[in-house]
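J.: One structure, as structure tokens, below. Some questions next.
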Amino acid sequence: MGIKVKLDAVMARRNISLTELSERVGITPANLSILKTGKGKAVRFSTLEAICHELHCQPGDILEYEEE
């Protein structure tokens, strides 16, 4: 599996929608959706920093390594 994205769970706990987070972070809802579903191949540190800032969390709350 590799890296698992848990952005949807953090968003649900913070009660924030995809649209609202995308507006706050400054990326398109489509790109945020790709990240949220784990289909993205990369994420910029600046994007990760902005997401963590808005959700008041750490990168480890959003990303998790799973051994295959």
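The values are calculated or read from the model by the stated rules, or taken from the named source; none is laboratory data. Keep in mind it's a predicted model, so treat the numbers as computed, not measured. A quick note on method: Cβ atoms are made from the backbone with ideal geometry, for glycine too, and the neighbour counts reach across all protein chains shown. The accessibility values were calculated without ligands, DNA or RNA, using every heavy atom of the protein model including side chains. Shrake-Rupley method; radii C 1.70, N 1.55, O 1.52, S 1.80 Å.
J.: Place a point 7 Å from Cα of E54 in the direction of its Cβ. Which residues in region 22-45 have their backbone N less than 17 Å from it?
T.: Within reach of a label on E54: 22-38, 40, 43-45.
J.: Using the Cβ atoms and a cut-off under 12 Å, what net charge is assigned to the surroundings of G38, where Lys and Arg are +1 and Asp and Glu are -1?
T.: Net charge in that neighbourhood comes out at +2.
J.: If you project the alpha carbons of the chain onto their three principal axes, what span does each projection cover, largest first, in Å?
T.: Projected onto the principal axes, the Cα atoms of the chain cover 34, 21, 19 Å.
J.: Rounded to the nearest 0.05, what FRET efficiency is calculated for E66 and E23 with R0 set to 35 Å and r the Cβ-Cβ distance?
T.: So, using R0 = 35 Å, E works out to roughly 0.70.
J.: How much net charge surrounds R14 when only the other residues with a Cβ under 14 Å from the Cβ of R14 are counted, with Lys and Arg +1 and Asp and Glu -1?
T.: Overall, the nearby charge balance is 0.
J.: Same structure, new question: Report, in deg cm²/dmol and to the nearest 500, the calculated mean residue ellipticity at 222 nm for the chain, where each DSSP H run with n ≥ 4 adds -39500 (n - 2.57) and the sum is divided by the residue count.
T.: Helix-only estimate at 222 nm: -15000 deg cm²/dmol.
J.: While we're on this one: Within region 9-61, what whole-number % of the accessible surface is contributed by carbon and sulfur, with the 1.4 Å probe and all protein chains included in the calculation?
T.: The nonpolar share, carbon plus sulfur, comes to 52 percent.
J.: So what is the accessible area of the chain per residue, in Å², with the probe set to 1.4 Å?
T.: Here the residues of the chain average 70 Å² of exposed surface.
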